[in-house]
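The values are calculated or read from the model by the stated rules, or taken from the named source; none is laboratory data. Worth saying up front: this structure is predicted, and the values here are computed from it rather than measured. Note that we place each Cβ from the backbone using ideal geometry, even for glycine, and neighbour counts take in every protein chain shown. In case anyone asks, the SASA skips ligands and DNA or RNA and just uses the protein heavy atoms, side chains included. Shrake-Rupley method; radii C 1.70, N 1.55, O 1.52, S 1.80 Å.
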Amino acid sequence: MNRRQVLRSGGMLGAATLLAACSPGAGDTRAAPATGEGRPRSGGTLRVGALGRPGALTRDPHGSQANESDYLVIALVHDTLTVPGLTPNTRPRLAASWEPSADLRTWRFTIARGAAFHDGSPVTADDVVWSLRRLRNTPSGASRLPGIRPENITADGTGTVVLVSDYANAELPLLTRLTTFVLKKDTPDDALDAAPGAGPFRLDRYRGGNARLVRNDAWYGGTVHLDAIEVTMFETPQAMTNALLAGQIDLASNAGAVAARTVEGRKDLQVLRRPDDMAMPIVMRTAAGSPFADPRVREALRLAVDREAMVAQVLSGYGTVANDILGTGDPHYAKDVPQRRRDLDKARRLLADAGFDLSRTYDLVTTEDIPGLAESATLFAHQAREAGIKVQVVKQESGAFWDKTWKTGDFYTTYWGTNDSVVFFASKTMVTEAATNEAGWADPDFDAAYRTVLGTADETARAAALKRLQQIEFDRSGYLLWGMADGIDLATTKVQGLPELAGYGRVRLENTWLR
């Protein structure tokens, strides 16, 4: 799975929420209300700035969207089966409802009434089946739809899609929030640029990362307020912020803490913060042969970091301290696991017991893909020296980093924007067979705890199994998660109804309006 795609995907769906999705009223496919002042007005064009690079443009909804600008366009034109929500945190979209079998292996998704593509043709089960099989057959398809083989995605009539998992999976609706964009059946690969979607906006034009979208008046999901959205691609947050200050755009998407400080105090601009939006952990490779294979070494590094200083200096206070467990927004996040504190004396003892070579200098590889990532590596390197560990920060160009370091490096930074599911991270990055197992971690106890969580429908029993999963992660995974960064959008005060959800939720602008 492409890293930036995962940043925008959804999170945790507990068993109680899962069953609620099958109850009366679950067929409401309208977007959850967003914040705003006054009664929404119709009309106007929203000018949005989003980050991207000319060399990474893509128009394939099932491909690797390296640019936020491309992902924003795709997410507004094409709908997924489900979308993130607040309460519940997985809501219907193209799938109006879903229902599991008793053994949690077979799931039936009912297509929303009135769902249609922009050319007027109805969205059918055959379209969904074709799209999910196409997604599953991409190079990262097994990671995007784990446990679901292409032949086990079928249609039951024109309005129902059936997915059969290789194992019990109470989290399957969660996975359909990710990249399950639905295209018309048999859309050729060379026609993706003009392929009609079923989303709230349709594509008017696209040129070099910049796009104009116009309202889909026939959208099945409810009223869309804006006449149009114009997306402009920027290569840096600074350039995007400057465009906002100059009045060239109305919204700077995911601008970062530095940009937020720039506009603080201005009455003509607003700062929208999404707490705990992004994780920027340090990855320590656990596989044999790595300097960090010994769990005592990994614990020592986690004890060497000054988390409060990291949040204050790297995130400028726009964030919170974390505790080495990914998925801090999960309803069942283990808040009762004691917060790990800096302890240099214990870190030195653990390193000595493990026979860690303190004469070496260890490369910590990073990129400048997102604001604060490289800075976090630099500050950590300084802090680690106080425990006797010599760390040298190596900055790599983005393409080289993801091709040569990610998933194979011994010591590197990474980042994730999906925060509301412990199980999501377990399935994607920590179970032994995970396609994006960043640390090369193989722990039979963790794998067993993960399968227990997936196969447990009872909410109380499931929460207990999830706590066990998090304790193992806290004790010996390959992650050092020092803090969670706030997501930050900047906008003029005329922009109302902006989404406040993290990940994929923040690009859903169908409820946004201009006053």
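How high is the relative contact order of the range 48-205? Use alpha-carbon pairs under 8 Å, at least six apart in sequence, and give a whole percent.
29 percent.
At a Cα cut-off below 24 Å, give the lysines reachable from K335, other chains included and same-chain residues fewer than 8 away excluded.
In chain and number order, the partners are K346, K428, K467.
Students often check this: by mean Cβ neighbours within 10 Å, which of 294-302, 187-195 ranks highest, and how do the rest follow?
Top of the packing list down: 294-302, 187-195.
Write down Rg/Rh for the range 347-493, rounded to two decimals, with Rg from the C-alpha atoms and Rh from the Kirkwood relation over Cα pairs.
That ratio equals 1.01.
What is the set of long-range amide H partners of R149 at a cut-off below 5 Å, with H atoms built 1.01 Å from backbone N?
For R149, whose amide H was placed from the backbone, the distant partners under 5 Å are D166.
Considering only the chain, what is the antiparallel percent among its DSSP beta bridges, to the nearest 5?
75
About its Cα centre, how strong a charge dipole does the chain have in debye, to the nearest 20, once Lys and Arg get +1 and Asp and Glu get -1 at the Cβ?
On the way: 60 positive and 62 negative charges, 119 e Å.
The dipole magnitude comes to about 580 debye.
By the gyration tensor of its Cα atoms, with a ≥ b ≥ c the square roots of the eigenvalues, what is the shape of the range 358-404: rounded for a/c under 1.5, prolate for a/b over b/c, or oblate? Spell out each step's value before the answer.
On the way: a/c = 4.56, a/b = 1.70, b/c = 2.68.
Judged from the Cα gyration tensor, the range 358-404 comes out oblate (a/c at least 1.5, b/c at or above a/b).
About the Cα centre of the range 132-283, how large is the charge dipole given +1 on each Lys and Arg Cβ and -1 on each Asp and Glu Cβ? Please answer in debye to the nearest 20.
60
Stretched out fully, how many nm does the piece from R41 to E235 gain, at 0.36 nm a residue minus the Cα gap?
Length difference between fully extended and current span is 66.6 nm.
Have a look at T328, L303, V507 and report the one farthest towards the positive end of the charge dipole of the chain, computed about the Cα centre with Cβ charges (Lys/Arg +1, Asp/Glu -1).
The Cα lying farthest towards the positive end belongs to V507.
Once the convex hull of the C-alpha atoms of the range 44-194 is built, how many Å³ does it hold per residue, rounded to a whole number?
Taking the convex hull of the Cα positions in the range 44-194, it is 140 Å³ per residue.
Which shape class, rounded, prolate or oblate, goes with the range 157-250 when its Cα gyration tensor gives a ≥ b ≥ c as root eigenvalues, a/c under 1.5 marks rounded, and past that a/b bigger than b/c marks prolate?
Prolate, since a/c reaches 1.5 and a/b exceeds b/c.
What full-extension length gain, to one decimal in nm, is calculated for E264 and A102 as 0.36 nm per residue of separation minus the Cα-Cα distance? All intermediate terms of the calculation are to be shown ahead of the outcome.
Numbers: separation 162, 0.36 × 162 = 58.32 nm, distance 5.29 nm.
Gain in length upon complete extension: 53.0 nm.
In terms of Cα to Cα distance under 18 Å, which aspartates and glutamates are near enough to K404, apart from those fewer than 8 places away along the same chain?
Reachable aspartates and glutamates: D363, E368, D369, E438.
Give the aspartates and glutamates reachable from K494 as a straight Cα distance under 20 Å; neighbours fewer than 8 places away on the same chain don't count.
The qualifying aspartates and glutamates are E37, D227, E230, D250, E264, D268, E510.
Calculate the spin-label point distance for D445 paired with D126, positioning each point 7 Å from the Cα along the beta-carbon direction, and give it in nanometres.
5.3
Can you tell me how the chain classifies by the Cα gyration tensor, rounded, prolate or oblate, using a/c under 1.5 as the rounded cut?
Values: a/c = 1.83, a/b = 1.29, b/c = 1.42.
It comes out oblate by the Cα gyration axes.
Once you have all Cα-Cα distances for the range 380-431, histogram them in 10 Å bins from zero and send the whole-percent values.
In order of increasing distance, the bins hold 19, 36, 36, 9 percent.
Taking 0.36 nm per residue of sequence separation and subtracting the Cα-Cα distance, how much length would be gained by fully extending the chain between A243 and V162, in nm to one decimal?
Details: separation 81, 0.36 × 81 = 29.16 nm, distance 4.67 nm.
Result for the pair: 24.5 nm of gain on full extension.
Which one, A66, G247, A170, is farthest towards the positive end of the dipole of the chain when Lys and Arg carry +1 and Asp and Glu -1 on their Cβ?
G247
Ordering T223, T413, T493 from largest to smallest accessible area (1.4 angstrom probe), what's the sequence?
Details: T223 95, T413 0, T493 45 Å².
The residues order as T223, T493, T413, largest area first.
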